[in-house]
1. Test each condition in (1) more than 30 Å from Ile280 (Cα to Cα); (2) modelled with pLDDT of 80 or more for Gln158 and report the one that comes out false.
2. Which numbered condition trips up Thr512, out of (1) crowded, with 21+ Cβ neighbours inside 10 Å; (2) touching a strand residue (DSSP E or B) at 6+ places or on another chain (Cβ under 7 Å); (3) outside any helix (DSSP H, G or I); (4) at pLDDT below 90?
3. Is it the case, given these coordinates, that Glu466 is free of Cβ contacts under 8 Å to residues at least 24 places away in the same chain and closer than 29 Å to Gly359 by Cα?
4. Which of the residues belonging to the range 228-255 are within 26 Å of the chain's Cα centre (by Cα) and not in a helix (DSSP H, G or I)?
5. Modelled with pLDDT of 75 or more and closer than 25 Å to Leu403 by Cα: does that describe Thr530?
6. Counting only residues that are outside any helix (DSSP H, G or I) and crowded, with 16+ Cβ neighbours inside 10 Å, how many does the range 287-305 have?
7. Within the range 587-601, track down each residue that is in a helix (DSSP H, G or I), without any contact (Cβ under 8 Å) to a residue 40 or more places away in the chain and open to solvent by less than 50 Å² (accessible area, probe 1.4 Å).
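The values are calculated or read from the model by the stated rules, or taken from the named source; none is laboratory data. Just so it is clear, the model here is predicted, and its values are computed rather than measured. All Cβ positions, even for glycine, are placed from backbone atoms using ideal geometry, and neighbour counts span all protein chains on display. Calculation scope for accessible area: heavy atoms of the full protein, side chains included, ligands and nucleic acids excluded. Shrake-Rupley method; radii C 1.70, N 1.55, O 1.52, S 1.80 Å.
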Amino acid sequence: MFRFFENLVNPYIPYVEDDAPPQRLAPFLWAYCQPFKGIFALTGFMSLVTAAIEIGLIYYMGRIVDLLGSDPTQMWDTYGTELLLVAGFVLIIRPFMQGLDVALINNTILPNVGTLIRWRAHRQVLRQSVGWFENDFAGRIANRIMQTPPAAGEVVFQTFDAISYALAYMIGAVILLSTSDWRLMLPLLAWLVLYGGLIRWTILRVGPASKAASDARSQVTGRVVDAYTNIHSVKMFAHHDLEVDFAKEAIENARETFQKEMRIFTKMDVTLVTLNGLLIIGVVGWALLLWTWGEASVGVVAAAAALTLRLNSMTGWIMWALSSFFRELGVVAEGMETIAQPITLVDQEDAEPLALTKGRIELKGLTHHYGREQGGLQAIDLTIKPGERIGLVGRSGAGKSTLVKLLLRFYDAEGGQILIDGQDISGVKQDSLRRHIGMVQQDSSLLHRSVRDNILYGRPEATEAEMVDAAKQAQAHEFILDLADPEGNHGYDARVGERGVKLSGGQRQRITLARVILKDAPILLLDEATSALDSEVEAAIQETLYGMMAGKTVIAIAHRLSTIAEMDRIIVLDQGRIVEDGTHDALLAQGGLYADFWNRQSGGFLTLDDDAEG
């Protein structure tokens, strides 16, 4: 039975991805809830039915009180069939209807709504550009992805479990009292007006307060995760107290925003108790007065008393449900600030996969300054022939890394074009572009997975033998066999830790090399590929790298100039422009900037380090 309800909606159903999600809350939620439309309609109807049943029971309790005034000896003869039918209804029909209602909410909606939103939100965020991720805390992004789905699920839950049920119950209460005596409606209607005013006062304040509290919690998560991610730097510089104070500032802000939110609920509770007192006195007192005048039966008084006491117990629950509803809406609104951001770096509608035939790369007037007036690249013109190996050299901020990021289309160039085999990369599918490019970075971070998973990331469909062969070419196989993790995994099954922290820099670099070797892409980008290796391993890896370069178009950034001296050409960048272009020997003979770098280095290493946007 559970499986039936759980499978009524597939949270992974295919859908059309939206590059510009709705920016308003209601359309945002409605877009995510499309697969649930039919289920929502059925659940709303069942909420009405269950509320009507509860009101009907209260009405019938009043009727039973009136029946007690009849002749006991004739009770079963006159009303026995009726009472048995009602008993059967209470024992069979009522549990069935209630079970159907809660199964739809608990087994169909709640598990699947959160799953669908979390899955789609993660997909949406992963589509954002590298630059988008560089502008925010990874911890805050992750926190919003994790807290938005349960908040949205709570919104849906309260809609059907409390709000729709409560509305039906209130309407039923008015109808019940009006059928007994229309005058009993008057105190209830007056109370409903005051109760509605309290609800309005509460929700106007809870939403913004909840959003502020949620944003404050996300800030705490962002700062804490940032410290954990960079724990080596924290320990290295002995900044434990600095990080504690940095986190405390955000934690205190979270406490203050939560205090403001809780003050609203305290005021609401005190006012609600007062209003409920007026409800009890107004309805029950009026019913008693009508009874003393002989205009109402004992059953009417009993039903009115039962109804008001039931409403008294419900109102706190309803108010908390409404408060939770709007509080969670505030959490969703805060999550929207991340999830609903438009995707700015997108494929064109008519984009085709990159058809790489030779590997010719052309840069025409390539310009990019990251939205600033300086830095990056300025009007670069460069042609790299198929299979040509290019070394890229320059001071910090010269534009080397910017060129590589643009070639991978991590950013869209602000001006000019990049052509691969005559195709403008802005007009091809991003994934197809990156599948044809292998990249080894100076920062060789790994996924917190097994060694096998990290190497196979280069080509998931590769065989075990191909994976091991790539590790051997990267001089990694021997040390991998000796690896073990705290969970008891060994060798290629050992986990490497977050960003590969359980391995040395050289070990991480060799696994990264194995991953790129396995990918075997026709275009190869090397950004200080051997910087983390010791001299003996580097010498062996250099042979592997030159073997990898055979038949590929290669761009290699290097500070250690000896590693690129054998390249076909060396390009020297300075202040975003190409200032020299030629072979190693030709540039030395020219006596320019490259020759100056060469003469000032020690052991072929350029001491002017590059930076992230160089």
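1. For Gln158, the exception is condition (1).
2. Just one mismatch for Thr512, condition (3).
3. Working: free of Cβ contacts under 8 Å to residues at least 24 places away in the same chain: no; closer than 29 Å to Gly359 by Cα: yes.
Considered against the rule, which asks whether it is free of Cβ contacts under 8 Å to residues at least 24 places away in the same chain and closer than 29 Å to Gly359 by Cα, Glu466 comes out as no.
4. Taking the range 228-255 first, the residues within 26 Å of the chain's Cα centre (by Cα) are 228-231, 243, 246-255.
Passing the criteria: only Asn230.
5. Numbers: modelled with pLDDT of 75 or more: no; closer than 25 Å to Leu403 by Cα: yes.
So Thr530 does not fit the description; no.
6. Taking the range 287-305 as the starting set, the residues that turn out to be outside any helix (DSSP H, G or I) are 293-297.
In the following step, the residues that additionally are crowded, with 16+ Cβ neighbours inside 10 Å were identified as 296-297.
Selection size over the range 287-305: 2.
7. Leu587, Leu593, Ala595
Matching residues to (1) open to solvent by 60 Å² or more (accessible area, probe 1.4 Å); (2) more than 30 Å from Arg127 (Cα to Cα); (3) part of a loop (DSSP other than H, G, I, E, B):
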residue: Pro11; (1), (2), (3): no, no, yes
residue: Trp30; (1), (2), (3): yes, no, no
residue: Pro35; (1), (2), (3): no, no, no
residue: Phe40; (1), (2), (3): no, no, no
